Amino acid sequence: MAKLSEMESARRRGEALLAEGPVAVAAYYDPSWQKIVVKTNRNLILAFAPADAEGLESAKPEELSEIEIAPAGLGLHFPRLDADLYVPALLQGVFGSRKWMAARLGERGGRSKSPAKRAAAKANGTLGGRPRNA
């Protein structure tokens, strides 16, 4: 069980977070844009494609039609998908866990078709390609 001092410290951090940063006041899925739109208390609007957020990648429009905002405005919950997003992280461009984000970056890098990558693949091919699994 948490100590009283830890709970007080957490409460103070939470209050500071609410005081300093924008929080969500409205969120909805816009089918014409095919984007999730989040409006904040500071008149900031964030719009992003569901495919760019962990847990929403393969969501259908009807699954995105219901979005709940956490009472403090720090979280978005998609009940039909059982997925949650943290608003301060979204505003910093973080749309998922570190592991998920790293996988997405690696996937994009793997699709790269730069001259250096082509040359490396060609050089590797002259060596016989990838080694076979033992």
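Remark: the range 21-96 carries a charge dipole of roughly 340 debye about the Cα centre, counting +1 on each Lys and Arg Cβ and -1 on each Asp and Glu Cβ. Here the Kirkwood formula, the inverse mean of 1/r across different C-alpha pairs, assigns the chain a hydrodynamic radius of 18.0 Å. Here's how it looks for A26: its modeled amide H is under 5 Å from those of K39, which are all 5 or more places away or on a different chain. Placing unit charges on each Cβ (+1 for Lys and Arg, -1 for Asp and Glu) gives the chain a dipole about its Cα centre, and among L127, G96, G73 the Cα reaching farthest toward its positive end belongs to L127. Exceedance of the 32 Å cut-off in Cα-Cα distance is limited, within the set K3/K60; K99/K122; K3/K39; K60/K117; K35/K99, to K3/K60; K3/K39; K60/K117.
Charge dipole of the chain (Cα centre as origin; +1 on each Lys and Arg Cβ, -1 on each Asp and Glu Cβ, all else neutral): 1160 debye, rounded to the nearest 20. Going out from 0 in 10 Å bins, what whole percent of all Cα-Cα distances in the range 21-96 drops into each bin? Taking every Cα pair in the range 21-96, the percentages come to 21, 61, 18, 0. Quick check: the angle from helix 115-126's long axis to the longest principal axis of the chain, C-alpha only, nearest 10 degrees? On a 0 to 90 degree scale, this one is about 50.
Packing order of peptides 25-31, 98-104, highest average first: 25-31, 98-104 (average count of other Cβ atoms within 10 Å over each peptide's residues).
Computed from the Cβ-Cβ distance with R0 of 30 Å, the FRET efficiency linking A121 to Q34 stands at 0.30.
Every number in this text was worked out from the coordinates using simple rules, so none of it is lab data. Every value quoted in this text rests on a predicted model; they were computed, and no experiment measured them. Backbone-built Cβ (ideal geometry, glycine too); neighbour counts: all protein chains shown.
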